[in-house]
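As structure tokens, the structure follows; a few thoughts come after it.
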Amino acid sequence: MNLIIRITILFVFVSLIVFLVGGVISFNVMMREVNYEQRRFLTERLDRVENRLATRPVEDTLRWTKLIIVRLNYKEEESTTFSDTLVMHSQLERMEPHLRLDAVRNVNGSSYWISLYDIIIEPDDIRDGLVESLVTMYLILLGAVIIIGFLASYYILRPFNLTLEVIKNFSLTKPDQKLKFPKSTVSEFKRLNRFLDEMTRKVKSDYQSLKEFSENASHEFQTPIAIVQSKLEVLMDGDNLTKEQIEQITYAQHTIKRLSNLSNALALLTKIENQEFANISEIKLSETLTNILEEFKELIELKSIELKISLVGNLVIQADLVLIELLLTNLINNAIRHNWEGGKIEVSLSEDTLEISNTGHTLDIPGDELFERFKKSNQSAKSMGLGLAIVKKICDFYNYSISYQNRGDLHTIHIQF
């Protein structure tokens, strides 16, 4: 739900409350004014009747439409009383509520009892009319708010939406990319665009510095590693080496190789995070998987592992071939490395899912930590703990879903494309 819709709903809700409260207030004000006017009207009629009696006195009783005058045989103090009563309506032929004015007036020494009637505007009629008018106005206001809301969403927020598109297309891997933010007369959008422009410039600068540092560090690591490796090879070829010296040199060679692999793996993770793999192509996953399994055939046979392959359908994905081959290689290599002699590996590929299962020892770490960097079980002491982290990073890069399941001594990696 976007901002304009939220504001529109809030405005409609507040307007409804205002209309309800305003309706109650309007009803009370209208009733007060109606009552005042009705009483004033009867009072004016009473004054006219009193003036008429001064010139044309009534001898006994006079009945007229909504008027009764009775001459009293005794002297009475003047008084005025208003009350509600029911009177037969001559046209509707039913009892209708009326406002009644009873008064005693002394005119030319004679006392008269005067009774006047006037039909009352009923509260129900006022309420019905008021509700009808308020509902009509509210519906008109609602329609106007919705229309204006959509227009405001399109025109007023258009610069903001264009800014989002610019940011969406922004890429750190394009150093020559120039961001052109839309012009706007709204001061907040101007400030936003200035901030985003400054921020992206700084991010690109920091990224380039970090990229250069990573590349230089990786390169500089490889140089001393290669020198040390060559020196160790020279020492290994030397004469008069004791068995213990040969073991120490071999251990140092393994350590140097592991350090080199670690440097390469971390550099690869950095490149994936920086989205430097952009050579997208159509990849037939079954063919790629078959080729990789063929490469590991000798290693699988060496550990006497039983391999079961089930490739159903012809899944085609859009991705960088280097990353997909790296993902599959790491998964197969992981299934072989952490397997035992005479174990089994099951590879299953369906229309949108890849499952690779292998036998192996029970993990001594939670399954949800298996894809984190440098997380490994004790039996994986020779592993750097980066293989599945690279696999997870590739899956996140392409929005693939990856999970781990364990059933007894069978470990399964599940990827949904």
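The values are calculated or read from the model by the stated rules, or taken from the named source; none is laboratory data. All values reported here derive from a predicted model rather than from experimental measurement. Glycine gets a Cβ as well: all are built from the backbone with ideal geometry, and neighbour counts include every protein chain shown. Calculation scope for accessible area: heavy atoms of the full protein, side chains included, ligands and nucleic acids excluded. Shrake-Rupley method; radii C 1.70, N 1.55, O 1.52, S 1.80 Å.
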Using a Förster distance of 22 Å, the FRET efficiency for Tyr398-Val322 (Cβ separation, nearest 0.05) = 0.95
With 0.36 nm assigned to each residue of separation and the Cα-Cα distance removed, Glu33 to Arg71 gains 10.3 nm
The simple spin-label model distance between Asp237 and Glu188, using points 7 Å out along Cα→Cβ, in nm, is 7.3
Going by average Cβ neighbours within 10 Å, how do the peptides 137-149, 319-331 rank, with the highest at the top?
-> 319-331, 137-149
For Glu287, the accessible surface traced by a 1.4 Å probe with all protein chains present amounts, in square angstrom to the nearest 10, to 100
Determine how large the accessible area of Asp124 is when every protein chain is in place; take a 1.4 Å probe and give Å² rounded to the nearest 10.
-> 70
Expressed in nanometres to one decimal, the distance between label points 7 Å along Cα→Cβ at Lys308 and Arg94 is 8.6
Given a Förster distance of 41 Å, the FRET efficiency implied by the Cβ-Cβ spacing of Ser350 and Glu301, rounded to the nearest 0.05, works out to 0.95
Largest-first ranking of His338, His361, His411 by accessible area, probe 1.4 Å, whole protein assembly kept, is His361, His338, His411
Glu244 versus Thr61: modelled label distance in nm, points set 7 Å from Cα along the beta carbon direction = 14.5
